[in-house]
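Written below as structure tokens is the structure these notes are about.
The values are calculated or read from the model by the stated rules, or taken from the named source; none is laboratory data. A quick note: this is a predicted structure, and the numbers were derived from the prediction, not measured. Here Cβ is always computed from backbone atoms with ideal geometry, including for glycine, and neighbour counts include all displayed protein chains. For accessibility, only protein heavy atoms count, side chains too; no ligands or nucleic acids. Shrake-Rupley method; radii C 1.70, N 1.55, O 1.52, S 1.80 Å.
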Protein chains: 2
Amino acid sequence: MKKQLRMTHQREVILDELRKCKTHPTADELYERVKKKLPRISLATVYRNLEVLSGEGLIRKLEISGRQKRYDWELQEHDHIYCIQCHRVENIDLKRDRGFEVLPENAKGYSVEGCRVEFFGLCPKCRQTNKMQKKGETTMGCKTCGTGTLSDKQREVLEALSKCNEPCGSKDIAASTSLEPKQVSCQITALKKKGYVASPARCKYEITEEGKKALA
Amino acid sequence: MKKQLRMTHQREVILDELRKCKTHPTADELYERVKKKLPRISLATVYRNLEVLSGEGLIRKLEISGRQKRYDWELQEHDHIYCIQCHRVENIDLKRDRGFEVLPENAKGYSVEGCRVEFFGLCPKCRQTNKMQKKGETTMGCKTCGTGTLSDKQREVLEALSKCNEPCGSKDIAASTSLEPKQVSCQITALKKKGYVASPARCKYEITEEGKKALA
DNA sequence: TTTTGTGCAAAGTTTTTGCACATAC
DNA sequence: GTATGTGCAAAAACTTTGCACAAAA
């Protein structure tokens, strides 16, 4: 006997937000969006629902490049393009003239259920960013982290750090900003790459001279 | 100025073992193999080397379905087939008659650097297992976990559990079998789904009546 | 001798799960 | 009222990193 599914408010909002997304979001991204409507929802609920909904065939879990799982409300099989720099994933129109069906003799005994085609390259935004970087290239430049410009979150973290007299941990930083500890550690990683943050002791961080300049 | 790479013994063995693999291994799988030759090597070294070697272009990191990263010694671009049940990844011969190149007008402004084609289905082994399951199908049947039949590892874990008088943790089980703790928890998850193992307390497991029947 | 790499343990990152309570049907 | 779902916290699963020491060039 199968479990009966219920349409809870949380589930509804999750589905709803997913349907609004064009770039197939990760559980985490979706959580951030859903939280704006349901501030008390937990990440675990988002994960659980994405799992249940894709199990039911209401949405699709994507098997795609990148570290995190991504989800798609579009059920029909279609192809994707993936930005190797910012990890965005978008749909792509592709006339699959199935000239590349696997022939039984080279399927190695597999029963083939389907095929994914994934293009990769740089999205328009990242192409633009790279161009700008090339112009004012510095020694600290780093293709994959967009050096030079600070994102809002990075600025927030860096500012919090600039107010500390001694090295502090990511939880201290989280407490003095609007950010989640998880987000803070992400930003710190990026800031370390840029040379704006140093880690004089394990899990303790402080702003560097470079970082102070970047804030100014 | 670029760092100079050194050929250490560890690095050599890692490369060597990778070259011997036909199914593109995860870091973990490779670690298990390498450990047989260098028992004192650490998983971190394997990860670090795979990262360095793929950074140098000596091996390839695969962007492929599944939870863990996989590596490939074959540098030339080629296509893969993925077993949706056991997660094995194999090469596949595919005459890409590139009829499906992305045309500039539908690349959405991306600069396309390449394309991955991935087939998925059931590998010969899993097809076989599924067939056998269908014969003796039970109410507990589950497509993705292979209910009914016990894999060798599952049987080993279940037997270990049947010898315990009280619920025990996965590390205790690992100690009394030939398996790694990591593998044990995998098997326990599968066994729980099948109803053969219960978890009366957090992280404590015991065999169920169902499980005892399955062993007999 | 200097630079690069290793083992270890601890942390970081993403996902899953047990539990007590809440909600939909 | 009961089966199903939620929030929370803790754990699991996978990967990365700081450090002190070791090995390669």
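Net charge within 9 Å of A:Phe119 by Cβ-Cβ distance, Lys/Arg positive one each and Asp/Glu negative one each, not counting A:Phe119 itself?
Its environment carries a net charge of -2.
Taking a point 7 Å out from Cα toward Cβ as the label site, list the nm distances between B:Lys20 and the same residue in every other copy, smallest first.
5.5
Taking a ≥ b ≥ c as the square roots of the eigenvalues of the Cα gyration tensor of the range B:9-71, is the shape rounded (a/c under 1.5), prolate (a/b larger than b/c) or oblate?
prolate
If I model a spin label at B:Asn130 and A:Glu113 as a point 7 Å from the Cα along the Cα→Cβ vector, what separation in nanometres do I get?
0.6 nm
Which entries of A:Lys20/A:Lys61; A:Lys3/A:Lys36; A:Lys35/A:Lys163; A:Lys213/B:Lys61 show an alpha-carbon separation above 27 angstrom in the structure shown?
Violating the 27 Å Cα-Cα cut-off are A:Lys3/A:Lys36; A:Lys35/A:Lys163; A:Lys213/B:Lys61.
How far is A:Asp93 from itself in the other copies, in nm, if each label sits 7 Å out from Cα along the Cα-Cβ line, shortest first?
3.7
Give me the inter-chain shielding for B:84-94: mean count of other chain Cβ atoms within 10 Å, whole number please. All intermediate terms of the calculation are to be shown ahead of the outcome.
Working: counts 4, 0, 0, 0, 1, 0, 4, 2, 6, 6, 6.
For peptide B:84-94, the averaged partner shielding equals 3.
Extending each Cα 7 Å along its Cβ direction at A:Gln4 and B:Lys22, get the distance between those two points in nm, one decimal.
Roughly 5.1 nm, to one decimal.
How big is the B-A contact in terms of buried accessible area, both chains counted, 1.4 Å probe, rounded to the nearest 100 Å²? Please report the intermediate quantities before stating the final value.
On the way: alone 14980 and 14990 Å², together 26290 Å².
The summed interface area works out to 3700 Å².
Take every residue in peptide A:118-131, count the Cβ atoms of other chains within 10 Å of its Cβ, and give the average of those counts.
4
To the nearest 0.05, how large is the calculated FRET efficiency for B:Glu159 and B:Arg40 if R₀ is 41 Å and r is the Cβ-Cβ distance?
Computed FRET efficiency for B:Glu159 and B:Arg40 comes out at 0.85.
Shortest first, in nm, what separates the label point of A:Leu5 from those of the same position in the other copies (7 Å along Cα→Cβ)?
4.8
Can you give the mean number of other chain Cβ atoms that lie within 10 Å of the Cβ atoms in peptide B:72-81?
The mean count of partner-chain Cβ atoms within 10 Å per residue comes to 1.
Would you please classify the overall shape of the range B:51-96 from the alpha carbon gyration tensor, given that a ≥ b ≥ c denote the square roots of the eigenvalues, rounded means a/c under 1.5, and beyond that prolate means a/b larger than b/c while oblate covers the rest? Could you put the intermediate results ahead of the total?
On the way: a/c = 2.97, a/b = 1.28, b/c = 2.32.
Cα axes put the range B:51-96 in the oblate bin.
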